[in-house]
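Data first, discussion second: the structure below is written as structure tokens.
The values are calculated or read from the model by the stated rules, or taken from the named source; none is laboratory data. Because the structure is predicted, anything quoted here is derived from the model rather than measured. Using ideal geometry, Cβ is built from the backbone for each residue, glycine included, and neighbour counts are taken over all protein chains shown.
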Amino acid sequence: MQSYTGVMERVVTAGASFRRAGSGALGLAYVADGRSDGYMELHINSWDCLAALVMVEEAGGWTNDFLAGKGLTEGNPVLAATRRWQRRCGRRRDRRLETAAMRC
């Protein structure tokens, strides 16, 4: 819990806000639809997010490599962003953000 609140504190300090949808798949679907700019979860199981990760990528958004390591069987952190945020960042992956999410 402390690592999650630490990440959220950094998000708010950076000037962003966050909201919880109560469902990882719903939060990711909001990113795919453009209702939310991004989604992050420190640990989520594959059955809770794989379909929504496909939705984000099909909508032109970006996701981290959720299936790395044992992501399929044991879950992993997830990070996703909209196409708009991709363009804003020059269509490059922000490795620092991805690395920070994976360390938590």
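Here are some notes:
- Residue in the range 72-90 that is more than 22 Å from L26 (Cα to Cα), modelled with pLDDT under 90, of a type outside the set (S, T, N, Q) and not in a helix (DSSP H, G or I) present: yes
- All of (1) in contact with a Leu (Cβ under 6 Å, 6 or more places away or on another chain); (2) of a type outside the set (F, W, Y); (3) more than 10 Å from L28 (Cα to Cα) hold for V56 with one exception: (3).
- Of the criteria (1) out of contact with any Cys (no Cβ under 8 Å at 6 or more places or on another chain); (2) modelled with pLDDT of 85 or more; (3) part of a helix (DSSP H, G or I), which one R10 fails: (2)
- Per-region count, the range 32-47, residues part of a helix (DSSP H, G or I) and either surrounded by 17 or more Cβ atoms within 10 Å (Cβ to Cβ) or touching a Lys or Arg at 6+ places or on another chain (Cβ under 9 Å) (or both): 2
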